[in-house]
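Student: Mind looking over this structure? Questions follow.
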Amino acid sequence: MPHRRAFRLRKTKATRDKLIAAFLLGTGLFTPPLLTLFMSGSRVMGVPLFYLYVFVAWISLTALLGLIAERDSGE
C-alpha cells in the first residue's frame with residue numbers, strides 16, 4: 001500500500017498547488033489598481049463595465065475552483 005499512499009500525497013500536493021495558484025489569480029484579479037481600470041463609466045449593453053468585469057471575473061474564478069475540485073476529487 002505504500003505506492004497508493006505516495007500517489008495520494010502527490011495528488012494532494014498537486015491539488016494544493018493548483019488552489020494556491022487560483023488564490024493568487026483571484027488576488028490579482030481583484031486588486032484595486034486593476035479594478036480602477038474598469039471604473040471608466042463606460043457601459044456594455046447597458047451594464048457598467050466595472051460590474052461586468054467583477055461578475056465575469058468572479059464567475060470565472062468560481063468555475064476554475066470547481067474544475068480543480070472536481071478533477072482532483074475523483075480517483
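Since every read-out is calculated from the coordinates, none of them should be taken as a lab result. All values reported here derive from a predicted model rather than from experimental measurement.
Student: Explain nothing, just compute: Karplus ³J(HN,Hα) = 6.51 cos²θ - 1.76 cosθ + 1.60, θ = phi - 60°, for every residue of the stretch 58-68 in order, whole Hz, x for Gly and Pro.
Tutor: Along the stretch 58-68, the couplings run 5, 4, 5, 5, 5, 5, 4, 5, x, 5, 4 Hz.
Student: Let me ask something else about it. Apply the Karplus curve 6.51 cos²θ - 1.76 cosθ + 1.60, θ = phi - 60°, to the phi angles in the stretch 46-54 and return the couplings in whole Hz, x for Gly and Pro.
Tutor: Whole-Hz 3J(HN,Hα) from phi for the stretch 46-54: x, 9, x, 4, 4, 5, 5, 4, 4.
Student: Percent of Cα-Cα pairs more than 14 Å apart in the stretch 19-75, please.
Tutor: Counting pairs separated by more than 14 Å, the tail of P(r) holds 61 percent.
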